[in-house]
Amino acid sequence: MTASPLATAPLLQVGVFTITGPVVATWALMALITALSDLLCRNLSLTPGKTQTVLELLVDTIDQQIRDTMQTSPARYRALIGTLFLFVLIANWSALVPGVTPPTAHLETDAALALIVLGATVFYGIRTRGTGGYLAAFAEPSWVMIPLNVVEQITRTFSLVVRLFGNVMSGVFVIGIILSLAGLLVPIPLMALDLLTGAVQAYIFAVLSMVFIGAAISDTHDPVGVKQGEAS
């Protein structure tokens, strides 16, 4: 009987907790991102070198995207959006490391990322508009819309999971199948395409996160958000 492609074989058991490959890969990536961040940001100066210039360009790009998408000051959301983007990007690209299946090719990782976005949406919505103001948004434009707005909150979180999982898993399957049939050299163009796809998926995930949070902090029930000039 063929095992399900969604099944994950356990590596070891620690008490009631089962440690799987995606869990190990996820923690390894988090450790890598933390170590690199500490190393690259350790010697920042007012006269930036090449590395600091690249980092500042990346931060400025993320800030500008937050301004364009959420129509608000980026300072409060920079860490969350930047971390989500970098993690998803590096996780997607980890598929190019022999023997490593990207954590984002597993539903549990994508579900955890989507729940982080959902939690941030609720947190920033309440922080910006107050509990009453945030809950009142579910009754816009009429109280009849409350069930539909609640369902929308759930379904768009689910869509984050399905979109990321489907695109990353399909890439892993295609490269794996061609690699098994054609050898090592033929899949190289597809691996380059997988790099591009991984970057695009990370960008889309980050932008959708901004859209959802922007809708929660806006004064109107607009998916893009129209709140201007929020203080950092």
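For this structure, a couple of remarks:
- From least to most packed, judged by other beta carbons within 10 angstrom and beginning with the fewest, Thr121, Thr72 follow the order Thr121, Thr72.
- Dipole of the range 10-217, positive end: most advanced residue of Ile154, Leu57, Phe123 [Cβ charges, Cα centre]: Phe123
- Relative contact order (percent, whole number), the range 10-217, Cα cutoff 8 Å, 6+ residue spacing: 27
- Proxy reagent accessibility, fewest Cβ within 10 Å first, across Tyr203, Tyr77, Tyr134: Tyr203, Tyr134, Tyr77
- Remark: Ser170, Ser218, Ser45, Ser73 ranked as Ser45, Ser170, Ser73, Ser218, counting other beta-carbon atoms within 10 Å and listing the fewest first.
- Bins of 10 Å from zero: percent of alpha-carbon pairs in the range 10-217: 8, 27, 31, 22, 10, 2, 0
- Between Glu140 and Thr53, the C-beta separation translates, for a Förster distance of 45 Å, into a calculated FRET efficiency of about 0.50.
- Ranking Ser94, Gln201, Ala216 by Cα position along the charge dipole of the range 10-217, where only Lys, Arg, Asp and Glu carry charges on their C-beta atoms, puts Ala216 farthest toward the positive end.
- FRET efficiency, Gln153 to Met30 (Cβ-Cβ, R0 45 Å, nearest 0.05): 0.95
- Placing unit charges on each Cβ (+1 for Lys and Arg, -1 for Asp and Glu) gives the range 10-217 a dipole about its Cα centre, and among Leu44, Ser142, Phe17 the Cα reaching farthest toward its positive end belongs to Leu44.
Each value in this text was obtained by applying a stated rule to the coordinates, not by laboratory testing. Given the structure is predicted, the values throughout are model-derived calculations rather than measurements. Note: ideal-geometry Cβ built from the backbone for every residue, glycine included; neighbour counts use all protein chains shown.
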